[in-house]
Amino acid sequence: MEISPLEDVVSIDQDRMGGEPCFKGTRVPVKTLFDHIGKLDEFFDGFPSVTHEQVDKVLSFAGQLVLSYYHERAKKIAT
């Protein structure tokens, strides 16, 4: 069985939230985190050369990678 790099914090259950990757022990989809990241003021204050657009693109890509990984894993589990 393949071990997930986030196995201790992310789980997939076809009977919970339609199989969406969720924070372990919750019904909160991981996607929700990426949709609600907005408290980055300290980051931008400390690193003013980084633009909001850059951060948005990096977080969007990271979210897509995490969700893609778990959707592929869910497909393997279902078969």
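Quick notes
- Number of positions in the stretch 10-27 that are part of a loop (DSSP other than H, G, I, E, B), over 14 Å from Ala78 (Cβ atoms) and in contact with a strand residue (DSSP E or B) (Cβ under 6 Å, 6 or more places away or on another chain): 1
- The condition of being modelled with pLDDT of 85 or more and on the phi < 0 side of the Ramachandran plot holds for only one of Asp41, Asp13, Asp8, that being Asp13.
- Pairs with Cβ under 6 Å, 6+ apart, first in the stretch 50-71 and over 12 Å from Phe34 (Cβ atoms), second modelled with pLDDT of 80 or more: Tyr70/Ile12; Tyr70/Pro21
The values are calculated or read from the model by the stated rules, or taken from the named source; none is laboratory data. Nothing here was measured: the structure is a model prediction, and the numbers come from that model. Here the Cβ is made from the backbone with ideal geometry for all residues, glycine too, and neighbour counts use every protein chain on show.
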